Amino acid sequence: SAPEELKSDITSSKTPSIISNNAARHVDLLKAAGLVIMSNVGIFAEALQVFLTSGTDTVTGELDGTSEVFPPGLVIFSGAIEVFLVLVSGFVGISALFFDFHMPKLTMAATVLSLLGGWYVFVINVLAVPTFNYENNIAPPLAPLGGWDTRFREDIAFYMGYLVSSMAICAVSLGFHFATLLNLYRVQVGSYDKGAQVPKRVRMGYYSFLVTVLGCGMLSVGGWLRTQEGPGKQQRPVIYPPSIIVYPDVQVMTGLWVLLYGLAGFSQAFSPMETTYSFIKTYAVLLWAWIVGFNVMCNISLATTLPGPGAGLSGPGIQIACLFTSVCFSVAIYAGDVDTAMKISSGAHKWSTTFEMGAKKSVTEGTAGVAAV
């Protein structure tokens, strides 16, 4: 009868499997949308800071700039791109996470915008502006009071402490933003492969490399500052974005923690272990707490009370805290993806081995039965 057939369908082994797959996909969608929102946090303050603090040339009132003023129009457009990107991707992530509303085409459009707009922001804010400022002796960077003792220290502080470090942190935040949008799109269209271990390990190795470079840059400027000025409090903040330094020891420790975090990520990318993954998760939370608690709330907050540009550093402090959100958690998230892929591969291998053993046993028993007959 019809009720009996319906009862059979409901109690069949296929129905729980379908429900399980749908539930798993829903969880993947929620996780992917949440990561988009997290990556948005990483560039949100950056976008507002660049957009709100940029403006026309205060001398000429134009957007073209001069030999001593970087073209303000390029910076304004860079900030506008970031703000628009935050709004579009924020809508995509929030609508997917809280309202279960998915538009794969809109997600792909946001992904393309993140890629193209991100490159423009990277070239202008990270390469062009710092180089222009350094060549024209415009802050930032802002050297210690009295300047550096040698040209070598000045160059190392700029290239490693400012240019390379800014490249690394911007590549992490913008790259993580692009990757989370692409990941959400793949989950939405059903093309995301949890068991693809190699690309996940390569991605984790790439982000770990960037974090390691960032740690080296922060450690270098902090180390040279401590060598020259000592461990005591600076008379004015030393600014080599993304570093704002009042106490060199805090900067040295922050650079060291970031460097070790990147190396731990390398270890997990090339030789994945469950114990290393657990360590990275814990390390990520502690590193974020250190950066927000000591480096931002203590070090940078104290910088706002010092002479010079200190009073205007509240915005950059929030900006650094947001940028380091991507730095601290991107490696841990990708370590989780690697761990999941390993478990899937291990489970598939165990299932394959069990199936082969069962097949061999059946063949052996069948052959024995024929021989007995």
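The values are calculated or read from the model by the stated rules, or taken from the named source; none is laboratory data. All figures in this text were calculated on a predicted structure; none of them were measured in a lab. Cβ: placed from backbone, ideal geometry, glycine included. Neighbour counts: every protein chain shown. Note: areas computed on protein heavy atoms with side chains; ligands, DNA, RNA excluded. Shrake-Rupley method; radii C 1.70, N 1.55, O 1.52, S 1.80 Å.
Scanning the range 268-278 for residues that are within 11 Å of ASP339 (Cβ to Cβ), of a type outside the set (Asp, Glu) and touching a residue at least 12 places away in the same chain (Cβ under 8 Å), we see that the one that is surrounded by the most Cβ atoms within 10 Å (Cβ to Cβ) is GLN268. Could you tell me whether any residue of the range 294-315 is in a helix (DSSP H, G or I), under 16 Å from LEU210 (Cα atoms) and open to solvent by less than 30 Å² (accessible area, probe 1.4 Å)? Checked against the condition, which is being in a helix (DSSP H, G or I), under 16 Å from LEU210 (Cα atoms) and open to solvent by less than 30 Å² (accessible area, probe 1.4 Å), the range 294-315 yields no hits at all. The set of residues in the range 198-236 being under 30 Å from LYS105 (Cβ atoms) and modelled with pLDDT under 90 consists of VAL198, PRO199, LYS200. For the range 185-213, a tally of residues being aliphatic (A, V, I, L, M) and in contact with a Pro (Cβ under 8 Å, 6 or more places away or on another chain) returns 1.
Residues in the range 84-119 that are within 30 Å of ASN137 (Cβ to Cβ) and either open to solvent by less than 20 Å² (accessible area, probe 1.4 Å) or among the β-branched types (Val, Ile, Thr) (or both): GLY118 alone. Take the residues in the range 191-226 that are among the β-branched types (Val, Ile, Thr) and touching a helix residue (DSSP H, G or I) at 6+ places or on another chain (Cβ under 8 Å); name whichever of them is farthest from ALA303 (Cα to Cα). Taking the candidates together, the pick is VAL202. The residues listed here are LEU302, LEU323, LEU287, LEU306; of these, the one that is touching an Asp or Glu at 6+ places or on another chain (Cβ under 8 Å) and at negative phi is LEU323. Looking only at the range 20-53, residues that are charged (D, E, K, R) and either crowded, with 22+ Cβ neighbours inside 10 Å or touching a Cys at 6+ places or on another chain (Cβ under 6 Å) (or both) come to 1 in all. Going through (1) touching a Phe, Trp or Tyr at 6+ places or on another chain (Cβ under 7 Å); (2) outside any helix (DSSP H, G or I) one by one, GLY146 falls short only on (1). Apart from one condition, TRP257 fits all of (1) open to solvent by less than 60 Å² (accessible area, probe 1.4 Å); (2) closer than 26 Å to PRO144 by Cβ; (3) in contact with a helix residue (DSSP H, G or I) (Cβ under 6 Å, 6 or more places away or on another chain); the exception is (1). Can you say whether PHE122 is open to solvent by less than 50 Å² (accessible area, probe 1.4 Å), touching a Cys at 6+ places or on another chain (Cβ under 6 Å) and either at pLDDT 90 or above or part of a helix (DSSP H, G or I) (or both), as far as the supplied structure shows? Against the criterion (open to solvent by less than 50 Å² (accessible area, probe 1.4 Å), touching a Cys at 6+ places or on another chain (Cβ under 6 Å) and either at pLDDT 90 or above or part of a helix (DSSP H, G or I) (or both)), PHE122 qualifies. So, TYR277, is that one within 27 Å of VAL164 (Cβ to Cβ) and aromatic (Phe, Trp, Tyr) or not? Spelling it out, it is not the case that TYR277 is within 27 Å of VAL164 (Cβ to Cβ) and aromatic (Phe, Trp, Tyr).
Annotation note: of GLY265, GLY195, the sole residue that is modelled with pLDDT of 90 or more and either open to solvent by 40 Å² or more (accessible area, probe 1.4 Å) or not hydrophobic (A, V, I, L, M, F, W, C) (or both) is GLY265.
PHE132 meets all of the listed conditions (1) of a type outside the set (Val, Ile, Thr); (2) out of contact with any helix residue (DSSP H, G or I) (no Cβ under 8 Å at 6 or more places or on another chain); (3) not in a helix (DSSP H, G or I) but one, namely (3). ALA284 meets the stated requirement of being in contact with a Phe, Trp or Tyr (Cβ under 6 Å, 6 or more places away or on another chain) and either outside any helix (DSSP H, G or I) or open to solvent by less than 30 Å² (accessible area, probe 1.4 Å) (or both).
Taking the range 104-128, which residues are in contact (Cβ under 8 Å) with a residue 24 or more places away in the chain and of a type in the set (A, V, I, L, M, F, W, C)? Answer for the range 104-128, where residues must be in contact (Cβ under 8 Å) with a residue 24 or more places away in the chain and of a type in the set (A, V, I, L, M, F, W, C): MET108, ALA110, LEU113, LEU115, VAL121, PHE122, ILE124, VAL126, LEU127, ALA128.
State whether the residues of the range 81-99 include one that is in contact with a helix residue (DSSP H, G or I) (Cβ under 9 Å, 6 or more places away or on another chain), over 19 Å from GLY42 (Cα atoms), of a type in the set (Phe, Trp, Tyr) and outside any helix (DSSP H, G or I). Taking every residue of the range 81-99 in turn, none turns out to be in contact with a helix residue (DSSP H, G or I) (Cβ under 9 Å, 6 or more places away or on another chain), over 19 Å from GLY42 (Cα atoms), of a type in the set (Phe, Trp, Tyr) and outside any helix (DSSP H, G or I).
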